[in-house]
Every structure is written in C-alpha cells, then in structure tokens.
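See below for the structure under consideration.
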Amino acid sequence: VVSHERDRVTASIDVIAGVLGSVADAPGMMNPVTFAQRMYDAGAKGSFDALSFHPYHYSLPFSSGPFQANSPVEQVMSLRTMMIAMGDGAKRIWASEYGEPTSAVDEATQDSMITDFLIKWQEMPYTGPIYVHSLRDRLTGSADPEDTFGLFRSDWTPKPAQGAVAALT
C-alpha cells in the first residue's frame, strides 16, 4: 500500500515469515513448530506480520488430521497455540503453497484433497490467504510431482480440481 501525504510518500508491506513445511523432525528436516519456536527464541517476535505454511500431505485429507501427530492441521493448530503464547495471536497463518500432484494421486483424489483443504482452511478463524501451487501442469502424465500440480493439464484443459477452486474461492 502506498499513500501520498502532502509531500511525503509512505509505504507499508506485509512481512511473511517462515515458509514452513509440514514435515516431521528427521535428518535434514525440522518440524514447523520446532522451527517457529526457534524463530521466536532468536527474536522474531515483532518482525513479521503473518506466518507462511505449506500444509502438504498426499494421503491424509487436511480435515482428518487434528488428532494425528505431525499432520498439517495438527501442526497449524500447534503453530497457532504458540503464536498466542508469544503474544502474536492477532497474526494469521497463510497457506502460501498447497496442492496435490496428479503424479502421486489421480485427478479425482486431487480434487477431493484440494476441496477438503479449501473448506477446512477457510473455517479456521486465524488463517489467511491460500495460494495453490500451480495453475497449469508443466508436463501432464509425467512421473515427476513437480510437473503435475496444476489445476489445468499442460494442454490447458481443466482438471476437476479447477472447478472446486473456482467455486470455493
């Protein structure tokens, strides 16, 4: 946002911290709750406006995970609890990247998983915007997940999930 006040120009931006992924602690990976706690321990409080989270999970619907350790929804709820404890309860958690690759799941499952995520995320009062990973596949039919996250196939024909995203956003 840019505003012009008399002869002075002021600008404001949102600083989004984290870009935390939904993983369990493992060699080379850190649980997002642990990572956020370390951010706070290092003095991050007051340095950001929202927390970024990538709630990927290719086999568990987002809404099915509240009581499953390390599920994306359990992690986002734990992040929220921590943010409140740290005095950041007014800040939101953004889903800055989410999707389901059709190289890992079929198109009906991609549609179901994305629909479930969109509905549940929007029900949580402390969540912010949702960003879908890719509009269009790089290469439909590829075995590489990075090629098949799109809501459209590489020839621009829509996948079923495109309709759900259009209807729910």
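Mind listing whichever residues of the stretch 146-162 are in contact (Cβ under 8 Å) with a residue 40 or more places away in the chain and either more than 18 Å from the chain's Cα centre (by Cα) or surrounded by fewer than 16 Cβ atoms within 10 Å (Cβ to Cβ) (or both)?
E146, D147, K159, P160, listed by residue number.
If a residue counts only when it is under 30 Å from Y40 (Cβ atoms), which strands (runs of 3 or more DSSP E) contained entirely in the stretch 62-169 have at least 1 such residues?
Result: 92-98, 127-132.
Name the single residue, out of those in the stretch 24-55 being assigned to a loop (DSSP other than H, G, I, E, B) and in contact (Cβ under 8 Å) with a residue 12 or more places away in the chain, that is nearest to F149 (Cα to Cα).
P55
Quick check, is K91 in contact with a strand residue (DSSP E or B) (Cβ under 8 Å, 6 or more places away or on another chain), open to solvent by less than 70 Å² (accessible area, probe 1.4 Å) and under 26 Å from F48 (Cα atoms)?
yes
The values are calculated or read from the model by the stated rules, or taken from the named source; none is laboratory data. Source: prediction; values computed, not measured. Counting neighbours? That spans all protein chains shown, and the Cβs are built from the backbone with ideal geometry, glycine included. Quick note on the areas: whole protein, heavy atoms, side chains included, nothing else; ligands and nucleic acids left out. Shrake-Rupley method; radii C 1.70, N 1.55, O 1.52, S 1.80 Å.
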